[in-house]
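A quick write-up on the structure given underneath.
The values are calculated or read from the model by the stated rules, or taken from the named source; none is laboratory data. Note that the structure is a prediction, hence the values are computed from the model and not measured. Glycine also receives a Cβ, built like all others from the backbone with ideal geometry; neighbour counts cover every protein chain displayed.
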Amino acid sequence: MITNQMYKTCLDELKMIGKTGLALYDIDGTLVYSTDEDIDISPVSIRSFLDSNADSQVLSRFRLFRVKEGDMAIFVTVSKNEGENATLMGRVAASEIANLEKASKEKFDKNSFFQNLLLDNLLLVDIYNKAKKLHIDAEKKRAVYIVEQKDGKNGDNVIDVIKGLFTGSNGDHVTAVNEREIILIKNLEGDDSPENMKSIAAMLVDMINTEALADVRVSYGTVVNEIREVSRSYKEARMAMDVGRIFYGNENISAYSELGVGRLIYQLPENLCLFFLHEIFGDNIPNHLDEETLQTIDRFFENNLNVSETSRQLYVHRNTLVYRIERLLKTTGLDIRKFDDAMTLKISLMVINYLAYLNERKG
């Protein structure tokens with residue numbers, strides 16, 4: 001959408017170049033902006049000019065020019081009928097306003113196109129026809145990044161930071177489909193390596209934290225080669241966001257290609273998850289382990305079931321750690337010092353987190 005400030009800037013710059021007073025009227029004859037206070041034309045005169053077939057008209061001390069979008073008039077520019085530049089600058093102003101409107105409309109149309117593309121709201125033939133009309137390369141390598149604000153605040157600042165980092169001139173596009181998430185469709189024509197994709201996600205997290213003072217989580221899908229496949233990358237990024245939030249809550253970046261067993265659990269039906277838990281724990285499913293126990297389990301897994309290293313990192317005596325493990329064994333029936341039991345417990349806790357997510361989503 002074009003603001004009055006943009007019209008003002010355009011006309012002021014043209015006046016400075018051509019030394020000719022200029023004004024802009026809408027098709028109802030209402031003044032939008034004038035560089036000079038003495039440019040005063042009645043709404044009746046504006047409408048009368050538009051009712052004629054002329055592209056321009058001299059009216060007393062002024063020259064009127066039709067601003068067109070296709071065959072339809074959308075504005076009238078006015079220049080003072082003074083000096084040799086009056087006609088030239090009036091026509092230039094009309095052309096500049098028309099181009100400004102066209103660029104704004106194309107930008108809006110591009111945003112609408114990408115939003116509908118992400119949500120699978122376009123037929124295959126429409127995708128390529130619209131892409132061609134909007135001058136969008138249909139065969140560039142792209143990947144979709146989703147930026148989710150954890151607290152839902154500073155939304156405008158976040159999207160401004162992202163747009164500042166990734167401009168449309170590079171083939172990138174930034175949009176949003178809801179209030180909490182901002183979507184970056186990234187052109188990866190130069191470097192589509194996993195390392196580069198991850199560095200882009202890390203840059204997003206760091207820059208948004210620094211510039212917008214916002215805490216965000218970033219996920220991304222795989223690289224696609226054609227415009228019609230962008231929605232697949234978006235769905236992958238959408239899954240990566242959910243899986244990362246459920247199973248890897250301490251991490252700010254989730255890549256679809258690195259979700260591991262979390263992606264498998266995410267696609268399991270609820271009844272199968274419940275059956276698995278009852279098979280392992282019977283009726284004593286450990287839905288609520290205390291923070292100390294969870295921290296002990298996580299650190300123990302991180303250290304490859306090494307008791308000595310885990311006790312050192314937790315700043316507890318070895319016997320204290322062994323006591324915690326024995327207590328967990330009594331609660332769950334699983335001894336995490338054994339590899340099979342450790343894997344069973346890890347997967348079980350992920351399944352429990354997934355069921356909690358499903359219950360929360362149900363409301």
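Taken over region 136-169, the criterion of being among the small types (Gly, Ala, Ser), surrounded by fewer than 21 Cβ atoms within 10 Å (Cβ to Cβ) and either modelled with pLDDT of 90 or more or assigned to a loop (DSSP other than H, G, I, E, B) (or both) is satisfied by ALA138, GLY152. Scan region 1-34 for residues that are closer than 18 Å to ALA98 by Cα, touching a Leu at 6+ places or on another chain (Cβ under 9 Å) and of a type in the set (Val, Ile, Thr) and jot them down. Matches in region 1-34: ILE2, ILE27, VAL32. Pairs linking a residue in region 57-71 that is in the same structural domain as SER42 (by TED's automatic domain parsing) and on the phi > 0 side of the Ramachandran plot to a residue that is part of a loop (DSSP other than H, G, I, E, B) and not aromatic (Phe, Trp, Tyr), with Cβ atoms under 8 Å and 6 or more positions apart or on different chains, are SER60/ASN81.
Condition check: modelled with pLDDT of 90 or more, out of contact with any Asp or Glu (no Cβ under 9 Å at 6 or more places or on another chain), within 25 Å of SER104 (Cα to Cα) and hydrophobic (A, V, I, L, M, F, W, C). Does VAL44 satisfy that? No, not satisfied. Restricting attention to region 28-62, which residues are within 11 Å of LYS80 (Cα to Cα) and assigned to a loop (DSSP other than H, G, I, E, B)? Matches in region 28-62: THR35, ASP36, ASP38, ILE39, ASP40, SER60, ARG61. Failed condition for LYS80, given (1) closer than 22 Å to ASN4 by Cβ; (2) free of Cβ contacts under 8 Å to residues at least 60 places away in the same chain; (3) touching an Asp or Glu at 6+ places or on another chain (Cβ under 9 Å), with all others met? (2) is the only condition that LYS80 fails. Determine whether LEU24 is in contact with a Ser or Thr (Cβ under 8 Å, 6 or more places away or on another chain), within 26 Å of ASN111 (Cβ to Cβ), part of a strand (DSSP E or B) and modelled with pLDDT of 90 or more. So LEU24 passes the test. Need the failing condition index for SER48 against (1) more than 23 Å from LEU24 (Cα to Cα); (2) out of contact with any His (no Cβ under 8 Å at 6 or more places or on another chain), just the number. Among (1) more than 23 Å from LEU24 (Cα to Cα); (2) out of contact with any His (no Cβ under 8 Å at 6 or more places or on another chain), the lone unmet condition for SER48 is (1). For first residues located in region 250-261 and free of Cβ contacts under 8 Å to residues at least 40 places away in the same chain, partners that are not aromatic (Phe, Trp, Tyr) and lie 6+ apart or on another chain with Cβ distances below 6 Å form the pairs SER254/SER219; SER254/ALA240; SER254/GLY244; TYR256/GLY221; TYR256/THR222; TYR256/GLU236; TYR256/ALA240; LEU259/VAL243. Taking the criterion of being surrounded by 13 or more Cβ atoms within 10 Å (Cβ to Cβ), polar (S, T, N, Q), closer than 23 Å to GLU229 by Cα and out of contact with any Ser or Thr (no Cβ under 9 Å at 6 or more places or on another chain), would at least one residue in region 114-130 satisfy it? Yes. Looking across region 188-216, the residues that are among the charged types (D, E, K, R), in contact (Cβ under 8 Å) with a residue 12 or more places away in the chain, under 26 Å from ILE227 (Cα atoms) and assigned to a loop (DSSP other than H, G, I, E, B) come down to GLU189, ASP192.
Of the helices (runs of 4 or more DSSP H) contained entirely in region 291-363, those carrying at least 3 residues that are among the aromatic types (Phe, Trp, Tyr) and closer than 26 Å to ARG263 by Cβ fall at 339-362.
Residue by residue through region 67-92, note down the ones that are under 22 Å from SER104 (Cα atoms), assigned to a strand (DSSP E or B) and in contact with a Ser or Thr (Cβ under 7 Å, 6 or more places away or on another chain). VAL67, the sole residue that qualifies.
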